[in-house]
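Asks: Here it is, the structure in full.
The values are calculated or read from the model by the stated rules, or taken from the named source; none is laboratory data. Note that the structure is predicted; figures quoted are calculated from it, not measured. Cβ sites come from the backbone with ideal geometry, for glycine too, and all protein chains shown count toward neighbours.
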Amino acid sequence: MGPVILCLLLVSSLCQQAWSSPSFTIDFARNCFLKDGQCFRYISGSIHYFRIPASAWKDRLQKMYMTGLNAVQIYVPWNFHEAQPGVFNFREDRDLEHFLDLTMELGLLVIMRPGPYICAEWDMGGLPAWLLNKKDISLRSSDPDYLNAVDSWMSVLLPKLRSRLYSNGGNIISVQVENEYGSFHACDYSYMRHLNALFRLYLGDDVVLFTTDGNADYFLKCGTLQDLYTTVDFGPVANATKAFEAMRRYQPRGPLVNSEYYTGWLDYWGVKHSQSSALQVSLGLQNILETGASVNMYMFEGGTNFGYWNGADFSKIYQPITTSYDYDAPLTEAGDPTDKLLAIRAVISKFQTVPSGPIPPPTPKFYYGLISLQKVGALVDQLDFLAAGAPYVTDYPITFEDAKQYFGFMLYRTHLPLNVPLYTPLSSQANGVHDRGYVSVNGSFYGVLERDVAKAVKVTGKAGDWVDVLVENMGRINYGGDLKDFKGLVGNLTLGTNTLKDWLVYPLNIDGPIAGGWPHILGNNLLRNPRTENTGGPVFYRGTFKVIDVGDTFLKLPQWSKGQVWINGFNIGRYWPARGPQVTLYVPSSILSSSEMNNITVLELENAPELPTALFLDRPILNGTLRGK
Ligand SMILES: *[C@@H]1O[C@H](CO)[C@@H](O)[C@H](O)[C@H]1NC(C)=O
Ligand SMILES: *[C@@H]1O[C@H](CO)[C@@H](O)[C@H](O)[C@H]1NC(C)=O
Ligand SMILES: *[C@@H]1O[C@H](CO)[C@@H](O)[C@H](O)[C@H]1NC(C)=O
Ligand SMILES: *[C@@H]1O[C@H](CO)[C@@H](O)[C@H](O)[C@H]1NC(C)=O
Ligand SMILES: *[C@@H]1O[C@H](CO)[C@@H](O)[C@H](O)[C@H]1NC(C)=O
């Protein structure tokens, strides 16, 4: 007993070596991973700690363990941890090491995917938008400015992982380099070689480093590198042996690996809700396991794009991703087991022992009913404290990145240069509104400019009237060749044929004041500056509600159009029932209080209902009717 207890106390690699040192390698002769000398395969699931409140991490990991998984696969979003160059945040919901401690505690192995690019349907694929401060930067390439930023980030991140590697007594068995690099046009092998050397420098020579690409030659060609183990990704298919043939052309020996087996799919605003059958997903998994392959299910739990973190795709038009990242995964957005999970567990049990005992049941969900909201006032009337400092005074519009405001909203203001007695188009001929512009003249709302969809709004007014365009960043493109997705007015606006000039540009810090208690701290003294009689456009509302039993709930905003919601200062994301398919927003129990009144703040951008209310339901609605654009 003595030495064993000593070991538990010391948890040192020295101590481990007294018996046999742990190892995780590849056996190219027997086509398998070798864990402590034995052939091993992993059955893993992806989970994004950055899409789940920290207080729920353990619960979700426990459910994954109970399903019979022996590993989890994790991305690290660079922009979530380094919001400003050189300023790092690993606290609270960003406490990666705490998350990794929990995986270790539960006996799960870890497959790390530290990027630097991760895609993940996350803003800019995880790259920090401040990289765009250098306008002509070449991302995901050997551009020295890009590489310097990567090197600096990795010098902070990778040392945190080293002691957690399996061979050092931890539970990280492998580390992915970049992500689906073969899908990117640059095809810069020197960049991949640079990353390989960088990862080796910090992680040593023992750890398995690998790449993941779509399973076709045109992806694998630029994504693979001699020194990195090649893996592929694909969803449910009838014949997994056939699907792995592409991998074998690039990786003739070693274990078969599907690094992203798709259990579901993401949603876009304005596109039908994605769903896939539990039967098809579980049969496809069985087919993969029968080949002896290792597999990671993407996603096992999707979670939520809280705040402004969602990404976007570009396919003919710009397509932003919804706030919910439920993914129709085996665990729901709120972490509850589904029939899909049970079907997957039944399949896994044919291949390896799954822990006995029931899967933890769904956590209770609460119906808190309907509450009424009060108007606080138009956004433009709150500029004195929402605008972070004086406005930029410019001839022509500047971008969010120029103003070093990377997320949320900026207000662009100018005057009508002449009398406009007849409705005249205010337009972005260059399609330069990234991504939505809410247009008001002297406080009257005229409509929305939308990237790729609505290039003009007709306005009237008198020479000298204020023209306000509140521009919303709807999330940066996370995939494909358009990663450099500058936000704001990236082209001029014209009124008829006149280019509008002489702008005041206000970067807005809305989250700061709301986290600090605004507008509820105003008490009943609401009308700070009643200049504008509101007729739609960006307006704040607030409400309070009491909760006796605290639990997860789902917020519905009946008859509202589009906007952003905060509860007790926490930004729960964008709502857009006027577009669909997502109708409710997930409200995690961790942000609610049973001892104090709970505060809700809504920024409606277009039109609120005449009687503004909020409804808290005990179930999500993610498959609402789609409305026109
Ligand atoms: C699956 O594909 C492999 C390779 O192409 C083939 O040999 C095998 O017969 C196929 N299996 C089935 C059940 O179709
Ligand atoms: C627009 O607002 C300005 C400043 O408040 C005011 O002088 C002007 O008369 C208003 N224009 C119209 C058409 O109401
Ligand atoms: C706006 O128009 C001015 C004058 O034609 C031009 O100098 C400027 O580059 C334009 N700005 C953008 C972002 O296109
Ligand atoms: C709601 O706002 C009030 C007024 O500012 C504050 O006293 C209270 O603590 C807030 N409630 C919560 C749960 O934060
Ligand atoms: C949405 O999903 C629910 C629950 O699965 C289902 O009952 C309902 O019929 C669906 N609604 C639509 C419009 O598809």
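Asks: May I ask you to list the residues in the stretch 496-507 that are surrounded by fewer than 20 Cβ atoms within 10 Å (Cβ to Cβ) and on the phi < 0 side of the Ramachandran plot?
Replies: Initial filter on the stretch 496-507 (surrounded by fewer than 20 Cβ atoms within 10 Å (Cβ to Cβ)): 496-499, 501-502, 504.
Selection gives THR497, ASN498, THR499, LYS501, LEU504.
Asks: Which ranges mark the strands (runs of 3 or more DSSP E) fully within the stretch 400-443 that have 3 or more residues being out of contact with any Gly (no Cβ under 7 Å at 6 or more places or on another chain) and within 15 Å of LEU379 (Cβ to Cβ)? Spell out the reasoning first.
Replies: Working: elements: 409-415, 420-427, 436-441.
Ranges flagged: 409-415.
Asks: Being surrounded by 22 or more Cβ atoms within 10 Å (Cβ to Cβ), modelled with pLDDT of 95 or more and in a strand (DSSP E or B) narrows it down to one of PHE300, PHE314, so name that one.
Replies: It is PHE300.
Asks: Related question: I'm trying to understand the selection: among the residues of the stretch 11-48, which are modelled with pLDDT under 95 and either in contact with a helix residue (DSSP H, G or I) (Cβ under 9 Å, 6 or more places away or on another chain) or acidic (Asp, Glu) (or both)?
Replies: Step one: filter the stretch 11-48 for residues modelled with pLDDT under 95, giving 11-21.
Scanning the stretch 11-48 gives SER13, CYS15, GLN16, ALA18, TRP19, SER21.
Asks: Among the residues of the stretch 545-601 satisfying the criterion of being in contact with a helix residue (DSSP H, G or I) (Cβ under 7 Å, 6 or more places away or on another chain) and part of a strand (DSSP E or B), which is nearest to ligand 3 (Cβ to nearest atom)?
Replies: Just the residues of the stretch 545-601 that are in contact with a helix residue (DSSP H, G or I) (Cβ under 7 Å, 6 or more places away or on another chain), to begin with: 550-552, 566-571, 588, 590, 599, 601.
Going one step further and asking which of them are part of a strand (DSSP E or B), we end up with 552, 566-567, 570-571, 599, 601.
On the way: ASP552: 45, TRP566: 32, ILE567: 37, PHE570: 35, ASN571: 30, ASN599: 40, THR601: 33 Å.
Per the criteria, the residue is ASN571.
Asks: Looking only at the stretch 142-151, decide whether some residue is assigned to a loop (DSSP other than H, G, I, E, B) and touching a residue at least 12 places away in the same chain (Cβ under 8 Å).
Replies: Kept after step one, since they are assigned to a loop (DSSP other than H, G, I, E, B), are these residues of the stretch 142-151: 142-143.
Now narrow it down to the ones that are touching a residue at least 12 places away in the same chain (Cβ under 8 Å): 142.
Checked against the condition, which is being assigned to a loop (DSSP other than H, G, I, E, B) and touching a residue at least 12 places away in the same chain (Cβ under 8 Å), the stretch 142-151 yields at least one hit.
Asks: Just for the stretch 366-382: of the residues that are surrounded by fewer than 17 Cβ atoms within 10 Å (Cβ to Cβ) and under 30 Å from the mean Cα position of the chain (by Cα), which one is nearest to ASP59 (Cα to Cα)?
Replies: First, the residues of the stretch 366-382 that are surrounded by fewer than 17 Cβ atoms within 10 Å (Cβ to Cβ): 367, 369-372, 374-375.
Of the ones still in play, those that are also under 30 Å from the mean Cα position of the chain (by Cα) are 367, 369-371.
On the way: TYR367: 22, GLY369: 27, LEU370: 29, ILE371: 30 Å.
Checked the stretch 366-382; the qualifying residue nearest to ASP59 (Cα to Cα) is TYR367.
Asks: Could I ask something else about it? Being within 19 Å of TYR479 (Cβ to Cβ), of a type in the set (A, V, I, L, M) and buried (at least 22 other Cβ atoms within 10 Å of the Cβ) is the requirement here; does ALA129 meet it?
Replies: Details: within 19 Å of TYR479 (Cβ to Cβ): yes; of a type in the set (A, V, I, L, M): yes; buried (at least 22 other Cβ atoms within 10 Å of the Cβ): yes.
Judged against the criteria, ALA129 is a match.
Asks: One residue is enough: does the stretch 448-470 have a residue meeting the conditions hydrophobic (A, V, I, L, M, F, W, C) and within 27 Å of ALA186 (Cα to Cα)?
Replies: Restricting attention to the stretch 448-470, the residues satisfying the condition of being hydrophobic (A, V, I, L, M, F, W, C) are 448-449, 453-454, 456-457, 459, 463, 466-467, 469-470.
This time we only want the ones that are within 27 Å of ALA186 (Cα to Cα), so: none.
Among the residues of the stretch 448-470, not one is hydrophobic (A, V, I, L, M, F, W, C) and within 27 Å of ALA186 (Cα to Cα), which makes the answer no.
Asks: What are the residue pairs meeting all of these: first residue in the stretch 423-451, first residue aromatic (Phe, Trp, Tyr), second residue part of a loop (DSSP other than H, G, I, E, B) and away from ligand 3 (no atom under 16 Å from the Cβ), Cβ atoms under 8 Å, and 6 or more apart or on different chains?
Replies: So the pair list comes out as TYR438/GLY537; TYR438/PRO538; TYR438/LEU605; TYR438/GLU606; PHE445/GLY536; PHE445/GLY537; PHE445/GLU606; PHE445/ASN607.
Asks: Looking only at the stretch 457-482, which residues are among the hydrophobic types (A, V, I, L, M, F, W, C) and surrounded by fewer than 20 Cβ atoms within 10 Å (Cβ to Cβ)? Don't jump to the end; show me each part of the working.
Replies: Step one: list which residues in the stretch 457-482 are among the hydrophobic types (A, V, I, L, M, F, W, C), which gives 457, 459, 463, 466-467, 469-471, 474, 477.
ALA463, TRP466, listed by residue number.
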